[in-house]
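Undergrad: Have a look at this one.
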Amino acid sequence: MCRTLVIAGNSARINHMSQSQFVSKCTTDALQLAATTLLHGNLVAFPTETVYGLGADALNKQAVARIYETKGRPSDHPLIVHLHSMQVMGQWVEDVPEFAIALARDFWPGPMTLIFKRSTLVQDFITGGQNNVGLRVPAQPIALALLKKFEELGGEGIAAPSANRFGHVSPTTAQAVSDELSQYLATDDLLLDGGPSQVGVESTIIDCTTKSPKILRPGAITEEMIEEVTKLDLSYDATEIRVSGSLENHYSPSAHVILDVAPVAGDGFIALSEIPTPDGVIRLASPINNEDFARVLYAALRSGDQQSLTRIVVKQPSGDDISVAIRDRLLRASRGR
Ligand code: TXA
Ligand code: MG
């Protein structure tokens, strides 16, 4: 059981899951506690604009090992290192191509992870033994403040995968993190509550180790946006790089996710608001556009599981915007756990 640290407005409280107490009226104190906890080798789950992350000191082998244990994740799957600013990325990486600087300038802080050749600072326990490292500067005030505080206290970066059990749906609220992980977390671990994630699907991952950028995982930063900023065509060469989110069955709820069929009575249903709900069908979400679809999708899948539904039917959104990421996750979710 970990403690939940709720940061809302300028107040913070610690919640020992059942009973809660104020520790401070000052968010700064709460972040100080979270950053110190990380430096002591404990885990801190924290909000980002994409999904919640499960953070550990990226230079502490034991702490990082606890991420893998807590998630039940194979140890050869690399972790993204989160930084408070692109100014500090230099020590983590060897080669930074021009196009990557352009991407970082335009889209950081934001829902984008860049993969670079790693520096000697980066150990195998972060990269799953690979020669490269993923970096991200998230655009979420609590995440950024935590990263800043962590660095002020002597930390370098926070390694954080999505705060779910391996293969499950990523959490977009503190409650979802708690549902996923509270039984695996320890007393000194913390969960920062920053409200619902605003993007709702994981960051776009871009390989920057080749001549031109290559999308390894689609997200809110789209192919068109990347091409516009870099003035380069994206390459689609086969790559040696492993992305665990690319495993076929990932992002899966317990219910069967079925795409683009007519739902029948008793099915859960997720579709844009303009699409009506047939009789007897349980509407799980009615997003008004594709951005909204991304924002509510994971909570809707979770809600289907909470209602013990057998099937969740999803009418996929179309387009070449964030809907590319939505369709990518739904395809994997539809293949089951
Ligand atoms: O939006 C996000 O990216 C969230 C938030 C918390 O930042 N994080 C996230 O992490 O989705 P995770 O570990 O659940 O998914 C990251 C994916 C994994 O599939 C991992 O294999 C891949 O990124 N990855 C991380 N570092 C990599 C590297 N050096 N090379 C190739 N793939 C990498
Ligand atoms: Mg994940």
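The values are calculated or read from the model by the stated rules, or taken from the named source; none is laboratory data. Bear in mind the structure is a predicted one, so any value in this text is a computation, not a measurement. Here the Cβ positions follow ideal geometry from the backbone for every residue, glycine too, while neighbour counts run over all protein chains shown. The accessibility values were calculated without ligands, DNA or RNA, using every heavy atom of the protein model including side chains. Shrake-Rupley method; radii C 1.70, N 1.55, O 1.52, S 1.80 Å.
Undergrad: Need the C-alpha centroid separation for the stretch 204-219 versus the stretch 101-133, integer Å.
TA: 11
Undergrad: May I have the pair-distance distribution P(r) for the stretch 176-326, computed from all Cα-Cα distances with 5 Å bins from 0 and rounded to whole percent?
TA: Calculated over all Cα pairs of the stretch 176-326, the distribution is 2, 8, 15, 17, 17, 15, 12, 9, 5, 1, 0 percent.
Undergrad: Here's something else I'd like to know. Grab the beta carbon distance between R335 and E223, set R0 = 25 Å, and tell me the FRET efficiency rounded to 0.05.
TA: 0.60
Undergrad: Going out from 0 in 10 Å bins, what whole percent of all Cα-Cα distances in the chain drops into each bin?
TA: Going out from 0 Å in 10 Å bins, the chain shows 6, 26, 34, 24, 9, 1 percent.
Undergrad: Quick one: what are the phi-derived ³J(HN,Hα) couplings along the stretch 49-60, Karplus 6.51/-1.76/1.60 with θ = phi - 60°, whole Hz, x for glycine and proline?
TA: Those phi angles translate into 5, 8, 9, 6, x, 10, x, 9, 4, 5, 9, 9 Hz.
Undergrad: Can you give the extra length, in nm with one decimal, that the chain gains between R311 and Q62 once fully stretched, where that is 0.36 nm per residue apart less the Cα-Cα distance?
TA: Contour length minus Cα-Cα distance gives 85.7 nm.
Undergrad: Using amide H atoms built 1.01 Å from N in the peptide plane, name the residues 5+ places from L185, or on other chains, whose amide H lies under 5 Å from its own.
TA: The answer is C2.
Undergrad: Rounded, prolate or oblate: which fits the stretch 275-337 when a ≥ b ≥ c are the square roots of the eigenvalues of the alpha-carbon gyration tensor, with rounded for a/c under 1.5 and prolate only if a/b beats b/c?
TA: oblate
Undergrad: Follow-up question, since we're still on this one. With a ≥ b ≥ c the root eigenvalues of the C-alpha gyration tensor of the stretch 58-138, is it rounded (a/c under 1.5), prolate (a/b larger than b/c) or oblate?
TA: It is prolate, given that a/c is not under 1.5 and a/b is the larger ratio.
Undergrad: HN-Hα J couplings of the stretch 112-127 from phi, Karplus 6.51/-1.76/1.60, θ = phi - 60°, integer Hz, Gly and Pro as x?
TA: Computed from phi, the couplings for the stretch 112-127 are 9, 10, 10, 9, 10, 4, 7, 8, 6, 5, 8, 9, 4, 5, 8, 9 Hz.
Undergrad: Then there's this: Check which residues have an amide H placed less than 5 Å from I221's amide H, if you skip close sequence neighbours.
TA: Result for I221 returns T204.
Undergrad: Can I ask one more? Across the stretch 322-328, in residue order, what do the Karplus-derived ³J(HN,Hα) couplings come to in whole Hz, using 6.51 cos²θ - 1.76 cosθ + 1.60 with θ = phi - 60° and x for Gly and Pro?
TA: Couplings: 5, 5, 4, 5, 4, 5, 4 Hz.
Undergrad: Any idea how many Lys pairs in the stretch 107-263 come in under 19 angstrom at the alpha carbon, given 8 or more places apart or on separate chains?
TA: Lysine pair count for the stretch 107-263: 4.
Undergrad: Please give me, ordered by residue number, the GluC sites (Glu not before Pro) of the stretch 52-148 that lie in loop per DSSP and have at most 16 other Cβ atoms within 10 Å.
TA: Here the sparse-neighbourhood loop sites are E94.
Undergrad: Amide H of I80: which non-local residues (sequence gap of 5 or more, or other chain) have their own amide H closer than 5 Å, using H built in the peptide plane?
TA: When sequence neighbours closer than 5 places are left aside, the close amide H contacts are A160.
Undergrad: How much accessible area does R327 have with a 1.4 Å probe, in Å² rounded to the nearest 10?
TA: 70
Undergrad: Another question, if that's okay. Can you give the FRET efficiency to the nearest 0.05 for A102 and N131, using r as the Cβ-Cβ distance and R₀ = 30 Å?
TA: 0.80
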